[in-house]
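Participant: What follows is a single structure, and I will ask about it in a moment.
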Amino acid sequence: MTTSKMTDENKNIDKKNDVPNQVYVQLIDGTSAWVPTNVQKLSENEYLILPENEFDENNPKYLFEFIPGDIVALAQQTFQDGTIGLVCKQLLKPSNRPEKKYFDFLFKATLGNIEINRTTIDYYKIEIEKIKQQQSAGQYFYPAILTTIDQLEKCAL
């Protein structure tokens, strides 16, 4: 389990803002979007993402950057329409959900944020095999995920 320290830009978020219980998390649903999610404040700029009806762990078309159970730091974000809101920006402690690594791989691979090397193959071996099995059973995955897996497998040769 890895834990990150808050960056300087995120440290004072509680002092700058009256933090609501609802903030935004990045979602990929064919495009990248920000969707509202509920959080619970734990300490200075440490927030627990609460269970959400929007989060469907059985639908690989809706990929959340952070999932229920993750502890995150928040940051201000200016959205495309010019409004400013608080977003989940940095993972401080991952959820203990058994599928956390699987969701992490899907999200990062879709954005092209997976390093193509032997270490990555070893780290995500179980998740890659699961995706390959699901795909062979007819499950849809974004093309970038399958491309990432192909690149990782070529790297292993």
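Each value in this text was obtained by applying a stated rule to the coordinates, not by laboratory testing. The model shown is predicted, which means the values in this text are computed figures rather than measured ones. Positions of Cβ are generated from backbone atoms using ideal geometry, with glycine treated the same way; all protein chains shown enter the neighbour counts.
Participant: First select every other residue whose beta carbon is under 10 angstrom from the beta carbon of Gln26; then total the charges, Lys and Arg +1, Asp and Glu -1.
Facilitator: Details: positive: Lys89; negative: Glu65.
Here the charged neighbours net out to 0.
Participant: Along the Cα→Cβ direction, 7 angstrom out, place labels at Thr83 and Glu44. What is the inter-label distance in nm?
Facilitator: 3.0 nm
Participant: Just to verify a number: FRET efficiency for Tyr140 and Leu111, C-beta to C-beta distance, R0 = 25 Å, to 0.05? Provide the component values of the computation, followed by the final result.
Facilitator: Numbers: r = 18 Å, r/R0 = 0.70.
Rounded to the nearest 0.05, the efficiency is 0.90.
Participant: To continue, here is another question. Taking loop as defined by DSSP and a crowding limit of 11 other beta carbons within 10 Å, which chymotrypsin sites (Phe, Trp or Tyr not before Pro) in segment 63-144 fit?
Facilitator: Answer by residue number: Tyr140.
Participant: Same structure again: For each of Glu46, Glu57, count neighbouring Cβ atoms within 10 Å of the residue's Cβ, then give the residues from fewest to most.
Facilitator: Numbers: Glu46 18, Glu57 14.
Ascending Cβ contact count within 10 Å gives the list Glu57, Glu46.
Participant: Report, to the nearest 10°, how far helix 125-136 tilts away from the longest principal axis of the Cα atoms in the chain, using its own Cα long axis and a range of 0 to 90°.
Facilitator: Once rounded, the angle reads 70 degrees.
Participant: Could you give the length gained by full extension between Lys130 and Arg118, i.e. 0.36 nm per residue of separation minus their alpha carbon distance, to one decimal place? Let's see the in-between values first.
Facilitator: Working: separation 12, 0.36 × 12 = 4.32 nm, distance 1.81 nm.
Residue separation times 0.36 nm, minus the Cα-Cα distance, leaves 2.5 nm.
Participant: Rounded, prolate or oblate, given the Cα gyration tensor of segment 74-144, with a/c below 1.5 counting as rounded?
Facilitator: Cα axes put segment 74-144 in the prolate bin.
Participant: Out of these labelled values of Rg and Dmax of the Cα atoms in Å, [x] 16.5, 53; [y] 15.3, 48; [z] 20.2, 66, which was calculated from the coordinates shown here?
Facilitator: Of the listed options [x] 16.5, 53; [y] 15.3, 48; [z] 20.2, 66, [x] comes from this structure.
Participant: Moving to a separate point now. Between helix 143-156 and the chain, what is the angle of the helix's C-alpha long axis to the longest principal axis, kept within 0 to 90° and rounded to the nearest 10?
Facilitator: The answer is roughly 60 degrees.
Participant: Using +1 at the C-beta of Lys and Arg and -1 at the C-beta of Asp and Glu, which of Thr119, Tyr24, Ile145 has the Cα lying farthest in the positive direction of the dipole of the chain?
Facilitator: Thr119
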